[in-house]
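This report refers to the structure that appears directly beneath it.
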Amino acid sequence: MNKILERPRLTFWQIFNMSFGFLGIQFGFALQNGNASSMLQIFGADVEHLSLFWLAAPITGMIVQPLIGHYSDHTWNRLGRRKPYFLTGGILAAIALIFMPNASLLLFLPPVLIGAGILMLMDASFNVAMEPFRALIADNLPHSQRAQGFSIQTFLIGVGAVAGSILPYVLYHYLGVSKTAAQGQVPDNKVYSFYIGAIILIGSLLWTIVRTKEYSPAEYAAFHPEEIREQPKGILTIVTDFKNMPQTMRQLGLVQFFSWFALFSMWVFTAPAVAQHIYHVLPGDTSSAKFADAGNWVGICFGIYNGVSALYALLLPTLARLTSRKIAHAFSLIAGGIGLLSVFFVKDPNMLIVSMIGIGLAWGSILAMPYAILSGSIPAKKMGVYMGIFNFFITFPQIINGFFGGWIVKNIFGGQAIYAIVLAGFFMLCAAISVLYVHDEREIKYPEVELIKN
């Protein structure tokens, strides 16, 4: 008779294949992060209104991710449990990537409104695709491998983000694709980058779908005999689950609030901050070579911090073993806070590379450590829904920032976006302090539990 105490351990390549689709998702997400603000400015948006357009991401995420998590917990069909959701989200995101740079060609509404609408579709689609990947790691890996699983996932996220971030720069500097266009038009190097991103997104998702096995309901029941009894499936159980979230999850919520408020500021305001503060671009000048150079260099900078995060993610499990998961995350967030604060003192664009190293350490840890800590505190039968609910602590600070960030830049910072980056640095340091007070229920070293035969 076989007695299963824990899921079998997976090889490195099995974990790699399981997360490879996230590379494509992050490729497209990086294109959005690095270019959406400048595109919206091209279509006519003012700097102080950019954060309002970016509200599409957190609002759709707050709604979509818990729903996707809930339904994927109760799904099983020919594709599997999580696969149907990230495939659907990936297809919709690819469509949005194709249409986003062409918003000015859709003449029935002002381009800025069309661009904002497509941005909302893109964000909703990325959210549909992202959430099941987090749950898939927790579904398929034993506790002893989850830190490694989330770290490999973060490595692939970083690789995809680097490629997506630098692609417009590469197309211009090495393939001669134009970086400027007529007023109101998106340059060809960005248009073609979004097309390529759509192709890579679909291709990487198909790789994961073909190469990854999900556990069937029968196998799942064998791993969790205590959860065999029928669980309530109604959508209102999400509210109950939210009320009953574990203590660790509530404490991580404060860490996530500070972290993601800072990240949202960085994504929204880095492009205008660098253009104003370092390249000395005048307000409203969106068709000059200097504005294009600033936007392209921000893409390179975003690629650098994502590259750093990819490499750092491979070191995080070792750092966490030598110290603790909380200490490793706190150290990383401090590095990110210092990196953001240092942008204010940069005069030479090349020195932004140093700032991006610190930001990359924080980003690599933000994508891995909170999930590794969280996954040990929530019941396996609700892994999907709680991963989705946890997204609330990511989206809520972005919504707050979206409503008030632009107003603060305009009325308190005098239209100088650089001070939004400075504020982000202080918030990142607050996150580093708050993580030290999180109760990590599974900081013990897990034995390598496998299939035991009696």
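Descriptive notes on the structure:
- The angle separating the long axis of helix 83-99 from the principal Cα axis of greatest extent in the chain is about 10 degrees.
- Percent RCO, i.e. relative contact order, over the chain, from Cα pairs under 8 Å lying at least 6 residues apart: 30
- Between 0 and 90°, nearest 10: helix 392-411 axis offset from the chain longest Cα axis: 20
- Long pairs among Lys83/Lys326; Lys179/Lys347; Lys213/Lys382; Lys190/Lys213; Lys326/Lys382, criterion Cα-Cα beyond 28 Å: Lys83/Lys326; Lys190/Lys213
- Estimated from helical segments only, the mean residue ellipticity of the chain at 222 nm is -24000 deg cm²/dmol, where each DSSP H run of four or more residues counts as -39500 (n - 2.57).
- Centroid-to-centroid separation of the range 381-441 and the range 69-121 [C-alpha atoms, Å]: 24
- Computed from backbone phi with θ = phi - 60° and the Karplus coefficients 6.51, -1.76 and 1.60, the 3J(HN,Hα) list for the range 285-299 is 8, 10, 10, 7, 5, 5, 5, 5, 4, 4, x, 5, 5, 4, x Hz; x is used for glycine and proline.
- P(r) tail fraction, the range 230-343 - alpha-carbon pairs more than 16 Å apart, %: 73
- Computed across the range 2-453, the Kirkwood radius stands at 22.0 Å (inverse of mean 1/r, all Cα pairs).
Laboratory data are not the source of any read-out in this text; all were calculated from the coordinates shown. The model shown is predicted, which means the values in this text are computed figures rather than measured ones.
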